[in-house]
1. In nm, to one decimal, how far is the modelled label at residue A:114 from the one at residue A:52, with both set 7 Å along Cα→Cβ?
2. May I ask you to compute the full-extension gain from residue A:44 to residue A:233, defined as 0.36 nm times their residue separation minus their alpha-carbon distance, rounded to one decimal in nm?
3. Dividing the Cα radius of gyration by the Kirkwood radius, what Rg/Rh value follows for the protein assembly as shown?
4. Quick one, can you get me the convex hull of the C-alpha atoms of the stretch A:79-193 expressed as volume per residue in Å³?
5. For chain B, with a Gaussian network of springs between Cα atoms less than 10 Å apart, report the residue from B:74, B:162, B:115 with the top mean-square fluctuation.
6. Express in whole angstrom the spacing between the alpha-carbon centres of the stretch B:119-162 and the stretch A:45-99.
7. Please report the orientation-averaged projected area of the stretch B:141-184, defined via the convex hull of its C-alpha atoms, in nm².
8. Can you pull the one-decimal nm distance between simple spin-label points at residue B:127 and residue B:64, each 7 Å off the Cα toward Cβ?
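None of the figures in this text is laboratory data; all of them are computed from the coordinates on show. Treat the numbers as computed from the prediction; the structure is a model and nothing was measured. Cβ sites come from the backbone with ideal geometry, for glycine too, and all protein chains shown count toward neighbours.
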């Protein structure tokens, strides 16, 4: 076999004690190292008069803040959300684009798998590992809940999901409002499921897109090695950007919805 | 190699999931240890981007934005103050010009009055001096006339005496002088 379609699960390359090191994990660690390097370069740059590097970083974040402002309509909220949303965007973007680099998916070790010696790639795009995308989705959605609670208070926030407060108020009013309150209570329970669905859809969307892209590139490269894969590589550059944007924008929207005051229904 | 066999390969290699996983989730590669490892990785990314990158950079950006905003506001205030000062200055200049004009008018008016008064006084003074001079001249003239008259009388008597000395005796002489004196 001259090429291998990447399996759904990331392959273990080696293990350090109880920790499995998979090829996707190696990639995410490389991206992490890149960000650490970037952090080290930028950490002391907060001067009133920026130098070239600070200027460049500022111009990027200025644009980011502008986009975040369009959703939040509030600069203070934007600054609060930017670390989460920006980290998601840049991490996904860089890991997706690194995945297109030559050598990712092709350099590997020959390891015995199911009794056969096969080439296991040393590097695999970080987002082709569902663990990675799930971790980001859970962190993102978890952050929306934390920010929501911090913004409007625990009880008000809990009342979005378990609307016992509404039922209590409806009993005072009586009549039709009791029925409406019970319906809304059911809606609140559905909201809980929708939170789970958010995590699942976010993680699977990103995983599916990037994994499909990786498979597509592998197949194309193995059919005809030259020229033909190029348009697909450009496509993957685009997909990598779009997926990063979609993931971070969705988390941003969830964040701004979670931090909004709930309008208590008037019956 | 055709497509069905490719798909078959994909499903086959999917079975090489990391150990410690099972079922559908295992097939998808979900594994709690790997999940935690990736979570930590991404957590560190968030931490670094937040603490080392966004905080200083966005902080500097915000600080500059606020400073620019304040500067623009301050510049507006300064401009307004400058305009106020200019308006005040203009007003003051206008007021002082009016006052100066008024002063000049008043001064020239006073000067005119003073001049008139002085002229009037001078005229009165000269008239007074003139009348006094007239009076003095009149009295001087009177006195001079009197003196002349006496002088003339003395001369006349002397002449008459000289003429008559020879013809008149002592007695007649005394009488004549008496009469003369009377007629004078």
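1. 5.3 nm
2. Working it through step by step, the gained length comes to 64.4 nm.
3. That ratio is 1.89, to two decimals.
4. Roughly 148 Å³ of hull volume per residue.
5. Comparing B:74, B:162, B:115 in the GNM, the peak value goes to B:162.
6. 125 Å
7. That works out to 3.0 nm², a quarter of the Cα hull's surface.
8. 9.3 nm
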